[in-house]
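The structure under discussion appears below in the form of structure tokens.
The values are calculated or read from the model by the stated rules, or taken from the named source; none is laboratory data. Please read these numbers as outputs of a predicted model, since none were measured by experiment. So basically every Cβ, Gly included, is an ideal-geometry build from the backbone, and we count neighbours across all protein chains shown. For accessibility, only protein heavy atoms count, side chains too; no ligands or nucleic acids. Shrake-Rupley method; radii C 1.70, N 1.55, O 1.52, S 1.80 Å.
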Amino acid sequence: MTILTSPMKFHIINGPNLNLLGRRNPEIYGTKSFEETLDEIRSDFSDIDIEYHQSNCEGEIIDMIHRLGFDGETAGIVINPGAYAHYSIAIADAIEAIPTPTVEVHISNIHAREEFRHKSVTARAARAVIAGCGRDGYALALLHLIRLSNTADK
């Protein structure tokens, strides 16, 4: 898939417990590891540089957002904040503080799950939110960020 007007670098950040994809609640999240999904994404978007980060620690995620948001090389960030989406004002503030566009992704439809998952406090800071598209949400987020970047270049 070639849709770029210039070379770009994107980062995917997964939050807590997403290192257990493939083993945790396979009826919700599937049976593949995220590394398998990442291989597919990199194959589909072979003309861009995609870096992957995962942390179970809120402060580490905030530090990543700050670093990537101001590095001058990152065209966009895809973040799945996991459970932090529902209560981390600090992550929302970090996303809001950076100039780099960020898209929030949730593998499951958070609006069809437990009541406490229906609200994402981090969503207010994201450029867009994709939920309920399974692992395809990551590719959809990248596509959106690429198109935003291409539009900004013109």
Index of the failed condition, ARG42 passing every other in (1) closer than 29 Å to HIS86 by Cβ; (2) among the charged types (D, E, K, R); (3) at pLDDT 90 or above: (1)
Filter result (under 15 Å from the mean Cα position of the chain (by Cα), open to solvent by 20 Å² or more (accessible area, probe 1.4 Å) and hydrophobic (A, V, I, L, M, F, W, C)) within region 83-97: ALA83
Residue ID - farthest from GLY134 (Cα to Cα), chosen from residues in region 35-44 that are loosely packed, with under 15 Cβ neighbours inside 10 Å and within 15 Å of the chain's Cα centre (by Cα): ARG42
Filter result (in contact with a Leu (Cβ under 8 Å, 6 or more places away or on another chain) and not basic (Lys, Arg)) within region 108-137: ILE130, CYS133
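A quick yes/no check of all residues on (1) over 17 Å from ILE130 (Cβ atoms); (2) open to solvent by less than 20 Å² (accessible area, probe 1.4 Å):
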{"position": "LEU20", "(1), (2)": "yes, no"}
{"position": "SER33", "(1), (2)": "yes, no"}
{"position": "SER46", "(1), (2)": "yes, no"}
{"position": "ILE65", "(1), (2)": "yes, yes"}
{"position": "GLU73", "(1), (2)": "yes, no"}
{"position": "PRO81", "(1), (2)": "no, yes"}
{"position": "PRO99", "(1), (2)": "yes, no"}
{"position": "VAL103", "(1), (2)": "no, yes"}
{"position": "ALA112", "(1), (2)": "no, no"}
For SER33: the one exception among (1) touching a Leu at 6+ places or on another chain (Cβ under 7 Å); (2) at pLDDT 95 or above: (2)
